[in-house]
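Beneath this line is the structure, given in structure tokens, with notes to follow.
Just so you know, all these numbers are worked out from the coordinates, no wet-lab data involved. As the structure is a prediction and not an experimental result, all values here were calculated from the model. Note: ideal-geometry Cβ built from the backbone for every residue, glycine included; neighbour counts use all protein chains shown.
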Amino acid sequence: MLSKEICNQIALKRFSLISPVLNGQVNNQLRYFEEVCAKAIDMPHYGLKNYSPKTLCTWYHLYLRGGLEALKPGGRSDKGKSRKIDPAVGDHIILKVKQYPRITKRMLYEELIKENIIVPKDVSLATFYRYLAIHPDLLNEQDQEASSDELRRFSHKYINELWQADVMYGPYLTVGRKKKQTYLLAYIDDASRLITHASFHFEQNFESLRSTLKNALLSRGVPKLLYTDNGTIYRCSQLSMICASVGFSLLHAKPYTPTSKGKIERFFQTVRMRFLSCLDLAQIKDLDDLNNRFSKWLLEDYQCREHSALGMCPLDFFMKQVDHIHLISDPDLLNEHFLLRVNRKVHHDATIKLKTLLYETNPAFSNKKVEIRYDPNWLLDATKPIFIFEDNKKIGEARQVNMYENAYVKRKNHTSKPLSTKDSSEENTHFVTSDNKAKNSLIPSNQTVSFRDVMNENMDKEEVV
């Protein structure tokens, strides 16, 4: 069976191929599928592979019926093994790579054919690529083929077709006796140049990104595409899962091409010139104060100020196309899409460890591998449960372990019962000696002492006092 991580990667790749159809970016669905299938598709785990338009059409309908989960494939029982390539081919690959360190995958395939090590009829190029994907240690060099692309200005015609996202280094704020760096996370609509959301944070991490993205979706609707750079926070699988679950595509700019995000970079320049340059940092009390001042400037200055490329202010341009706004109708469903997802195995004592916290759940889940979904804020509240999912269905919850309360929980099959008369007499006969006669006289021989009862009596006495 394929691992869950690989299944998620394949599902996200399939979603990226059909997303232009889902978002209404193509006029002819069949023609688009034919163009995509005209060349081999680099599919995670499988490598380059040819697909038919009918296959992409099937993925499209599967997503409409079952969402992202329906795009996940089933696994193979012979995972990690090639059906057509003999393991001895690996030795020949190693020799070729040592002989030609800069050889590409395709040239290596052709060289092996020339030497009759593999037969094209039996081993296709896609099969060969999959074999290398399974054994990455055989070939370390990557294809050196590259093409020089033209740089052209672009702008979408309608709002919410494309959002650009990026991070700007902000001012230092005094926190206690130290100064801390701030970061401005912002989203800009490509057509209207409207800032759908922007705020300062002390951390440039995924949690800051997750919070700002949710606020942007709630206030300005759902875009069709989200365009980001290749920063670590934008490359995490959690963000890809959120975007696919909500229903929009995540695109990454080509490395070392900062000009492709010119609109958001121009906005950051405006922030430095018109907001930060007029800001007296000595009067900023804390991060909330900075964000309040920034929100006021954003609404009164940037959003309502005429843009030279539009001939009107971004807010007016955005509101003129209000029919293109797809607002979130169910905030609770959006919150579910934004839950973080991690895989865990339930311990034999029905506990799950998440971060540094221990959670307990139904004993029926013991020794099972499940998916945990949670909001990071829940970890700060001991009363908040986390959700347990299996096959994309919620099957239970888990709550933080309270060691003190568990000490007073009555266990099943652990009840104490009094000794019989025969047992007690035998026990007394066995233990009555010159050293313990006085001790046995203090406790009746026909009963046992419960530690829980003693504790309860002590607590009752404390309450009376």
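One table, with the values for the structure above:
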| item | result |
| --- | --- |
| Cα-centre dipole for the range 162-324 with unit charges at Cβ (Lys and Arg positive, Asp and Glu negative), debye to 20 | 340 debye |
| Violating pairs (Cα-Cα greater than 24 angstrom) within the set Lys369/Lys394; Lys4/Lys39; Lys49/Lys394 | Lys4/Lys39; Lys49/Lys394 |
| The range 9-79-the range 275-354 distance, computed between alpha-carbon centres (Å) | 31 Å |
| Charge dipole (debye, nearest 20) of the range 339-408; +1 at Cβ of Lys and Arg, -1 at Cβ of Asp and Glu | 280 debye |
| Contour minus Cα-Cα distance for Asn362 and Lys39 (0.36 nm per residue) | 111.3 nm |
| In the range 179-266, the chymotrypsin sites (Phe, Trp or Tyr not before Pro) that fall in loop regions by DSSP, at most 13 other Cβ within 10 Å | Tyr256 |
| Equivalent ellipsoid semi-axes, the range 87-139, via Cα gyration tensor eigenvalues times 5, rooted, Å | 15, 13, 10 |
| Stretchable slack from Tyr158 to Met403, in nm (0.36 nm times residue separation minus alpha-carbon distance) | 82.5 nm |
| Leu22/Ser277 FRET efficiency (R0 60 Å; Cβ-Cβ; nearest 0.05) | 0.90 |
| The range 169-203: trypsin sites (Lys or Arg not before Pro) falling in loop per DSSP and having at most 13 other Cβ within 10 Å | Arg177 |
| At most 13 other Cβ within 10 Å, DSSP loop - trypsin sites (Lys or Arg not before Pro), the range 37-72 | Lys39 |
| P(r), alpha carbons of the range 4-71 - 5 Å bins starting at zero, rounded % | 3, 18, 28, 27, 18, 5, 1 |
| Ratio Rg/Rh [Cα only; Rh per Kirkwood] for the range 189-291 | 0.97 |
| Overall dimensions of the range 300-385 by Cα: Rg and Dmax, Å | 22.6, 66 |
| Radius of gyration and maximum dimension Dmax of the range 339-408, Cα, Å | 11.4, 36 |
| Spin-label model distance (nm) - Leu251 vs Met319, 7 Å beyond Cα toward Cβ | 2.9 nm |
